[in-house]
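S.K.: First the structure, which I've put down as structure tokens, then a few questions once you've had a look.
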Amino acid sequence: MRIAFLGLGLMGEGFTRRLIDLGHDVTGFDPVAERRLAASAWGVMPAETPAAAAEGADLVMTCVTTTDDLEAALFGTDGCAGTMSEAAVLVDFSTTVVARTKAMAGQLKAERGAGWIDAPVSGGPPAARDGKLAIMMGGDEADIARARPVLDQLAASLVHLGPVGAGQVTKMVNQVCVLTNFVVLAEALNLAERGGVDTSRLQAALETGYAGSNLMAAMWPRMMSRDYAPAGYLRQVLKDLDMVHDLAHDLQASIPMSTQAAELFRLMAARGHAEEDGIAVLKLFTGEAV
């Protein structure tokens, strides 16, 4: 299948390497020339513009930083919307603003007849590389059916949640659950350490109760050993939580715990930790180099 991929950062690299290993032809665009050059080393055919990347593609996949970046790649100068056919489907892996996602999907359908799937993911670059992502999809059944043979190759979990926008809302729910609990786990670990608990044994003590969760299994050992991997940039955490806040405002939903978590992450960033992993919020409670 002929695939255009827009956005060749860490996640884009994971995606495109897997797609090429699976035998797909991938043309890629990124506004950073060095990324295009690097991607050519693992088999991506580099394009100078989004329009050039998307020409003749069956699927146009996007993984960009912001909603503004996505809109520019689609409808800006040399945007890919101008070369997409009505048979094409756009699959957006980015985390983007729900209302603008819906508006852009409507514009693409009206102007080009092309379909749209919002498909934000849970899992980092290694999961993208290994086809082990959780992909949350919003869109029409017909569009998803056309994209599913490829998406099945990228995901351990692939769930259609409703019309366009439903994937983005689900991603926001995911961020509420995960990022708010980063703070909860940091508080819990701080209490345990101060209370003289052997924290290497605490997870086993809790695993049969409600506290024993997949999140704790993944994050507690990393927090305990201060293994703050750089993939989870705090600035990305804040961007996502700001989007959660905006969505909650639009839906008139109350999220006081998530709001408080965002303020703690913001305090971390203000103290010079914007490039660190979100789980390093533990430092606020322990006084470690903050």
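S.K.: Looking only at residues that are hydrophobic (A, V, I, L, M, F, W, C) and open to solvent by less than 50 Å² (accessible area, probe 1.4 Å) in the stretch 189-205, which one is nearest to residue 263 (Cα to Cα)?
M.R.: Residues of the stretch 189-205 that are hydrophobic (A, V, I, L, M, F, W, C), as a first pass: 189, 191-192, 197, 202, 204-205.
Filter again for open to solvent by less than 50 Å² (accessible area, probe 1.4 Å), leaving 189, 192, 202.
On the way: 189: 20, 192: 23, 202: 28 Å.
Out of the qualifying residues, it is 189.
S.K.: While we're looking at this one, here's another question. Residues that are open to solvent by 10 Å² or more (accessible area, probe 1.4 Å), at pLDDT 95 or above and more than 23 Å from residue 57 (Cα to Cα): does the stretch 147-155 have at least one?
M.R.: First pass over the stretch 147-155, keeping only residues open to solvent by 10 Å² or more (accessible area, probe 1.4 Å): 148-149, 152-153, 155.
Imposing the further condition that a residue be at pLDDT 95 or above reduces the set to 148-149, 152-153, 155.
Now drop any that are not more than 23 Å from residue 57 (Cα to Cα), which leaves none.
There is no residue in the stretch 147-155 that is open to solvent by 10 Å² or more (accessible area, probe 1.4 Å), at pLDDT 95 or above and more than 23 Å from residue 57 (Cα to Cα).
S.K.: In addition: Which residue pairs have Cβ atoms closer than 7 Å, lie 6 or more positions apart in sequence or on different chains, and pair a first residue in the stretch 257-278 that is assigned to a helix (DSSP H, G or I) with a second residue that is polar (S, T, N, Q)?
M.R.: Filtered contacts from the stretch 257-278: 257/180; 258/180; 261/180.
S.K.: Does the stretch 129-141 contain any residue that is assigned to a strand (DSSP E or B), at pLDDT below 95 and open to solvent by 20 Å² or more (accessible area, probe 1.4 Å)? I'd like the intermediate steps shown before the answer.
M.R.: Just the residues of the stretch 129-141 that are assigned to a strand (DSSP E or B), to begin with: 133-138.
Narrowing further to those that are at pLDDT below 95: none.
No: the stretch 129-141 contains no residue that is assigned to a strand (DSSP E or B), at pLDDT below 95 and open to solvent by 20 Å² or more (accessible area, probe 1.4 Å).
S.K.: If you check 233, 228, which single one turns out to be in contact with a strand residue (DSSP E or B) (Cβ under 8 Å, 6 or more places away or on another chain) and open to solvent by less than 60 Å² (accessible area, probe 1.4 Å)?
M.R.: Working: 233 fails: open to solvent by less than 60 Å² (accessible area, probe 1.4 Å).
That would be 228, the only listed residue that is in contact with a strand residue (DSSP E or B) (Cβ under 8 Å, 6 or more places away or on another chain) and open to solvent by less than 60 Å² (accessible area, probe 1.4 Å).
S.K.: May I ask you to list the residues in the stretch 222-254 that are part of a loop (DSSP other than H, G, I, E, B) and touching a residue at least 12 places away in the same chain (Cβ under 8 Å)?
M.R.: First, pick out the residues of the stretch 222-254 that are part of a loop (DSSP other than H, G, I, E, B): 225-232, 252-254.
Answer for the stretch 222-254, where residues must be part of a loop (DSSP other than H, G, I, E, B) and touching a residue at least 12 places away in the same chain (Cβ under 8 Å): 226, 228, 229, 230, 231, 232.
S.K.: I would also like to ask the following. List the pairs whose first member sits in the stretch 159-170 and is closer than 13 Å to residue 251 by Cβ and touching a residue at least 60 places away in the same chain (Cβ under 8 Å), whose second member is among the basic types (Lys, Arg) and part of a helix (DSSP H, G or I), and whose Cβ atoms are under 9 Å apart, counting only residues at least 6 apart or on separate chains?
M.R.: 165/102; 168/102
S.K.: Next up: Which helices (runs of 4 or more DSSP H) sit wholly inside the stretch 6-95 and have at least 2 residues that are under 16 Å from the mean Cα position of the chain (by Cα) and at negative phi?
M.R.: Working: elements: 10-21, 33-40, 50-54, 67-75.
Hits in the stretch 6-95: 10-21, 67-75.
S.K.: May I pose another question? Please find, within the stretch 279-290, the residue that is surrounded by the fewest Cβ atoms within 10 Å (Cβ to Cβ) out of those that are in contact (Cβ under 8 Å) with a residue 60 or more places away in the chain and out of contact with any Asp or Glu (no Cβ under 7 Å at 6 or more places or on another chain).
M.R.: First pass over the stretch 279-290, keeping only residues in contact (Cβ under 8 Å) with a residue 60 or more places away in the chain: 279, 281-282, 284-286, 288.
From what is left, the residues that are out of contact with any Asp or Glu (no Cβ under 7 Å at 6 or more places or on another chain) are 279, 281-282, 284, 286, 288.
Details: 279: 26, 281: 26, 282: 26, 284: 19, 286: 15, 288: 10.
Taking the candidates together, the pick is 288.
S.K.: Does residue 2 count as closer than 16 Å to residue 90 by Cβ, without any contact (Cβ under 8 Å) to a residue 60 or more places away in the chain and not small (Gly, Ala, Ser)?
M.R.: On the way: closer than 16 Å to residue 90 by Cβ: yes; without any contact (Cβ under 8 Å) to a residue 60 or more places away in the chain: yes; not small (Gly, Ala, Ser): yes.
Yes: the conditions hold for residue 2.
S.K.: Can you find even one residue in the stretch 13-28 that is of a type in the set (Ser, Thr, Tyr) and farther than 25 Å from residue 251 by Cβ?
M.R.: yes
S.K.: Would you check if residue 208 is surrounded by fewer than 18 Cβ atoms within 10 Å (Cβ to Cβ), out of contact with any helix residue (DSSP H, G or I) (no Cβ under 8 Å at 6 or more places or on another chain) and either at pLDDT below 95 or more than 16 Å from residue 256 (Cα to Cα) (or both)? Show your work before the answer.
M.R.: Working: surrounded by fewer than 18 Cβ atoms within 10 Å (Cβ to Cβ): yes; out of contact with any helix residue (DSSP H, G or I) (no Cβ under 8 Å at 6 or more places or on another chain): yes; either at pLDDT below 95 or more than 16 Å from residue 256 (Cα to Cα) (or both): yes.
Criteria met by residue 208.
S.K.: OK, next. Residue 47 passes all but one of (1) within 28 Å of residue 244 (Cα to Cα); (2) in contact with a helix residue (DSSP H, G or I) (Cβ under 8 Å, 6 or more places away or on another chain); (3) surrounded by fewer than 24 Cβ atoms within 10 Å (Cβ to Cβ); (4) aliphatic (A, V, I, L, M); which number fails?
M.R.: (1)
The values are calculated or read from the model by the stated rules, or taken from the named source; none is laboratory data. Note that the structure is predicted; figures quoted are calculated from it, not measured. Cβ: placed from backbone, ideal geometry, glycine included. Neighbour counts: every protein chain shown. Ligands, DNA and RNA are stripped out before the accessible areas are found, and what is left, the full protein with its side chains, is counted by its heavy atoms. Shrake-Rupley method; radii C 1.70, N 1.55, O 1.52, S 1.80 Å.
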